[in-house]
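This report concerns only the one structure given below.
The values are calculated or read from the model by the stated rules, or taken from the named source; none is laboratory data. The shown structure was predicted, so the numbers you read here are calculated from the model rather than taken from an experiment. Cβ atoms come from the backbone with ideal geometry, glycine included; neighbour counts cover every protein chain shown.
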Amino acid sequence: MVLLSVSGVTVEYGTDVVLNNINFSINEGDRLGIVGVNGAGKSTLAKIIAGTFTPSAGSVYIAKDKTVSMLAQNAMLESENTVLAEMLDAFPEIVAAERRLGELSASIENHIGGNEAIEKYATLTEDFRKMGGYEYRSRTKSTLARFGFGEDSLDKTINKLSGGERTRLALVKLLLREPDLLILDEPTNHLDMETLAWLEEHLRSYKKTLILISHDRYFLDRAANKILDIEHTEATIYNGNYSAYAAQKAEQRKALAKKHELQQKEISRIEAIIDQQRRWGQAHNFITIKSKQKQIEHLEKDSVSAPKNLPKNISLRFSEARESGSDVLFAENISKSYGERKILSDISFEVKKRDRIMIVGPNGCGKSTLVRILGGLDEDYSGVLRFGYNVIPGYYDQEQQTLDNDSTVLEEVCRAHDKLTMPVVRSALASFLFFAEDMDKKVSVLSGGERARLMLCKMILSQINLLILDEPTNHLDIGSREALEDALMQFSGTIIAVSHDRYFVRKLSSKIFDMTSGLRIFCGSYDEYCEKKEQETVKSTAITQEKTVVESKQSYLDAKKNASDIRKNKSKIERCEAEIEKLEDEKSHLAKEAEGDASGDYVRLSEIYARTDEIDKLLESLYDDIDRAEKALAELGGEK
């Protein structure tokens, strides 16, 4: 059943077109991810769907009696209520029924209302049960705990909490409310990896409909089953998660470019024949010319335009610096407190040249505090911190406090690099999409994404060999994140970074610093770290299960069946992934054949395109099988 249909939606600001004739629909139960560069109109489209913004043209249809709720980007809950009281407001019908049950109970105890009151109480009790009245408080507390709000937080006043905490609470309240269409704009902001993983699983099992705007590729891979790509004011919808969308889009662009090239070659060939016929100038030649001109008209009528250029993206390469010594950094017993609250306790580690260290852990564990100390922004700590020979550190601050709001963009870079010539500075700014009119903007009026790009521009012009990065992908769109990752892969120095972007961490890490409890160092990639963590979890689970077996034979049998089901589903995922790999290889070979030997053979090209379509359908089915198996694993308590 179609839950949402968007028809001809256009948004214009004067002569600027943000969205142009957007058309798409989604069904009940779909999980739609919306992607596009910063400024593409993703949030604007979400507001139109939510009914809080009126488009210049077009309409939005939402199925009758369906509720819609939206979490705007960086929305903060405003309330004088306590955390628990505000969250319970997500259940107005249950709260009203609970209050009415209390009133009826009091009436019955005081012998008021007689049999009628007893009958009403019995009926309302059953309704209360069906609404989830006996679970809603425990469910609320459990969800709050997942987002870092334990029992000690429940009585805190919301307006006295930090901005990040109030943003997380706004998300929690919507998750508890469970509208028919839930729209989340950048919901992963302010979430640590553990909470992100829980949110992904929760959304994957969400029985209603989702629209997710995010630059987190890992999140979109796990939570979305359709992708809407907004590019050059237009929108295209794709089936599958983010990785499937990226592959489909690349293949479509490639096929479109090839088809356009073949058509242009054919037109050029026919035009050459026409020119030759004109030179011959005989009567029958003009008959041929007329025939060939009709051929060209037919080709141009059905012609395919070349794919549009991809949106402009930042271009960066870090300036080369002198190499550091082998020993880059030595930290011993680093400790830090805020009043009575101890953030870091006797943290010790060494950093070697070309290490790529990713620091992970839950919110509040001290990750940003540690890198601020390493970056020289916080000197109020105890312990020993020593840099090695010829180490030149550079620090990226996620709070962007090192930017001067009163400066212009150009002045900000010139102030940091006063020895560089103006053409060099302007060229660097242009590579970060700051063009002539942007360079005179005050820093204070820049968006979060623009401020992030300005910080990165200043950093790449510095000749440094130790990068200390605190959430460098925040505020960057997917294209900018990928450009940053590529530049860091080419960087010949040492990297220490805090990030909750798992794509970023996975691509760059050679060591993981886990600050969940103190500091644990894992040598190797992020995947190896996750595998080791999973092994530890399995081992811990096995020990627990072993104890349970002693207490209950039935529990042992249940655990055995559970383990068997987990193995079956894991095996199914592995088989599907192997089949996907084979089909992708076949698809790649077909694409190469279409570009090579078969490029002029239209019969073979038709066969290739037909087989490619068949492969796409098979891939979609296999991804659906994986999705079902992963859901089963989540329910069984296993992981892929």
Within the range 117-145, tally of residues that are surrounded by fewer than 15 Cβ atoms within 10 Å (Cβ to Cβ), over 18 Å from I94 (Cα atoms) and touching a helix residue (DSSP H, G or I) at 6+ places or on another chain (Cβ under 9 Å): 2
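Each row is one residue, and each column tells you yes or no for (1) modelled with pLDDT of 95 or more; (2) outside any helix (DSSP H, G or I); (3) surrounded by 20 or more Cβ atoms within 10 Å (Cβ to Cβ); (4) not assigned by TED's automatic domain parsing to the domain that holds I615.
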position	(1), (2), (3), (4)
N159	no, no, no, yes
G164	no, no, no, yes
L176	no, no, no, yes
I183	yes, yes, yes, yes
T195	no, no, no, yes
W198	no, no, no, yes
Y206	no, yes, no, yes
L210	yes, yes, yes, yes
F219	no, no, yes, yes
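Conditions tested, residue by residue: (1) hydroxyl-bearing (S, T, Y); (2) within 27 Å of A591 (Cα to Cα).
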site: E200; (1), (2): no, no
site: D216; (1), (2): no, no
site: F219; (1), (2): no, no
site: R222; (1), (2): no, no
site: D229; (1), (2): no, yes
site: S243; (1), (2): yes, yes
site: E261; (1), (2): no, yes
site: S268; (1), (2): yes, yes
Unmet criterion (only one of (1) surrounded by fewer than 17 Cβ atoms within 10 Å (Cβ to Cβ); (2) farther than 20 Å from K617 by Cβ) for T236: (2)
Strands (runs of 3 or more DSSP E) contained in the range 270-367 and holding at least 3 residues in contact with a helix residue (DSSP H, G or I) (Cβ under 9 Å, 6 or more places away or on another chain) and under 30 Å from F432 (Cβ atoms): 356-360
Matching entry among Y503, Y529 (being over 30 Å from G39 (Cα atoms) and either more than 19 Å from the chain's Cα centre (by Cα) or at pLDDT 85 or above (or both)): Y529
Residues that are under 35 Å from the mean Cα position of the chain (by Cα) and at pLDDT 90 or above, drawn from the range 325-341: V328, L329, F330, A331, I334, S335, K336, S337
For N74: the one exception among (1) at pLDDT below 85; (2) polar (S, T, N, Q); (3) assigned to a helix (DSSP H, G or I); (4) under 34 Å from the mean Cα position of the chain (by Cα): (3)
Candidate set from the range 369-396 (those that are surrounded by 15 or more Cβ atoms within 10 Å (Cβ to Cβ) and closer than 15 Å to S462 by Cβ); member that is nearest to the chain's Cα centre (by Cα): Y396
Residue in the range 394-411 that is out of contact with any Phe, Trp or Tyr (no Cβ under 9 Å at 6 or more places or on another chain) and assigned to a helix (DSSP H, G or I) present: yes
Among (1) under 22 Å from the mean Cα position of the chain (by Cα); (2) within 27 Å of A244 (Cβ to Cβ); (3) not acidic (D, E) - the single one I22 does not satisfy: (1)
Some residue of the range 306-317 being more than 25 Å from K259 (Cβ to Cβ), in the same structural domain as P393 (by TED's automatic domain parsing), hydrophobic (A, V, I, L, M, F, W, C) and out of contact with any strand residue (DSSP E or B) (no Cβ under 7 Å at 6 or more places or on another chain): no
The range 415-428, residues that are in a helix (DSSP H, G or I) and either exposed (fewer than 15 other Cβ atoms within 10 Å of the Cβ) or of a type in the set (V, I, T) (or both): R415, M422, P423, V424, V425, S427
Residue that is modelled with the highest pLDDT [pool: residues in the range 583-603 that are of a type outside the set (D, E) and surrounded by 15 or more Cβ atoms within 10 Å (Cβ to Cβ)]: L583
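Here is a yes/no grid of residues against (1) of a type in the set (S, T, N, Q); (2) free of Cβ contacts under 8 Å to residues at least 12 places away in the same chain:
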residue: L461; (1), (2): no, no
residue: I468; (1), (2): no, no
residue: L476; (1), (2): no, no
residue: S480; (1), (2): yes, no
residue: A487; (1), (2): no, no
residue: A497; (1), (2): no, no
residue: M515; (1), (2): no, no
residue: K532; (1), (2): no, yes
Condition check for I608: modelled with pLDDT of 85 or more and surrounded by 12 or more Cβ atoms within 10 Å (Cβ to Cβ): no
Spans of strands (runs of 3 or more DSSP E) in the range 1-58 with at least 2 residues closer than 15 Å to H232 by Cα, free of Cβ contacts under 8 Å to residues at least 12 places away in the same chain and touching a Cys at 6+ places or on another chain (Cβ under 9 Å): none
Residue that is out of contact with any Cys (no Cβ under 7 Å at 6 or more places or on another chain) and either closer than 30 Å to Y395 by Cα or surrounded by 15 or more Cβ atoms within 10 Å (Cβ to Cβ) (or both), where the choices are S319, S291, S305: S319
